[in-house]
């Protein structure tokens, strides 16, 4: 009986409650918990942040850059998380205080940081972080101002930058451009067929980039593909549910999972629905829903060594999508509060750093958590 009580307490932390032992299937519940891993608190960041970026560097450290303490209070500061010590340390500051920007690791080991909000409006500024010196260096400007765009490393080593807001209004733009890492120059491409902000972008196995959802004049269910050879976008299948501020992750077989998000109602329009895009057919199909409706998620769900996908943010609970069963499992333990616009970064040891975000107000947190995969 003592062991049963302990297990019921553990289940309560995952949100799974059984009213009596007659409903209790011990073996199946233990299997679900063990296959979903667990989350535990970690050392806090130096600053409370949300809307920041988190980029895994080649040496295994994580660069946390920018974000906001609260609305209109943005950071130029950056810090590094060192998995070896579990601590954060300060590094160089950006030239511009920004939130809702994008960052991507280049093949050189440097990090490109672009766009974001810098106050009441968005910016076209870009800079490069060099881990060897800890210094950000300003680059030439992009061809458009972009708040919450996507930035995707292509097979060529170039970066596709797409969409984002160009002012302080909800809608996004259709323009796109390429960052050439060798010359540090930007080249206009595209544009997309639909203006988008808070969309997702995923590099497919064939080298195309899948752009899904987002908001232009309205939140859209449309999707399109960027073709690197032609430097153009082509329309592909549409989502069953229009969404933005959602998350996407690539499955081991090359398909793409799309989860959560919201419609134009934002907080009142969140969804727990999920769908899968199949590049072979160009179509989306529904899969099992999340256990929790959630939005303002990290753009990319972390792919675990097991092939499962981690979905965190927008809720206290952390979920894992299991491709084998097509279902979402709830990890043991939970965050202190629902965290919106937090970051999730898979570390080299397979664990995942969950950092920052804010609950149902605009006050960010410095709290971090580590997700530990099932053994």
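Every number here is computed from the coordinates shown, using simple stated rules; none is lab data. In this text the structure is predicted, and so the values were computed from the model without any measurement. Every residue, glycine as well, gets a Cβ built from its backbone with ideal geometry; the counts of neighbours run over all protein chains shown.
Brief remarks follow.
- Computed from label points 7 Å out along Cα-Cβ, the spacing between residue 229 and residue 167 is 4.0 nm.
- Between the beta carbons of residue 305 and residue 87, assuming R0 = 22 Å, the FRET efficiency works out to 0.35 to the nearest 0.05.
- Annotation for the range 47-118 versus the range 216-284: alpha-carbon center distance of 26 Å.
- Spin-label model distance (nm) - residue 325 vs residue 366, 7 Å beyond Cα toward Cβ: 3.9 nm
- Residue 218 paired with residue 280, simple spin-label distance in nm, labels 7 Å along Cα-to-beta-carbon: 3.4 nm
- Rounded FRET efficiency, nearest 0.05, which uses the C-beta distance separating residue 348 from residue 188 and R0 of 51 Å: 0.90
- Within the range 95-111, backbone nitrogen closer than 11 Å to the virtual label 7 Å beyond the Cα of residue 76 toward Cβ: 95-98
- Between 0 and 90 degrees, the angle of helix 2-14 with respect to the longest Cα principal axis of the chain falls at about 30 degrees.
- In the chain, the longest principal axis of the Cα atoms and the axis of helix 26-36 are about 20 degrees apart.
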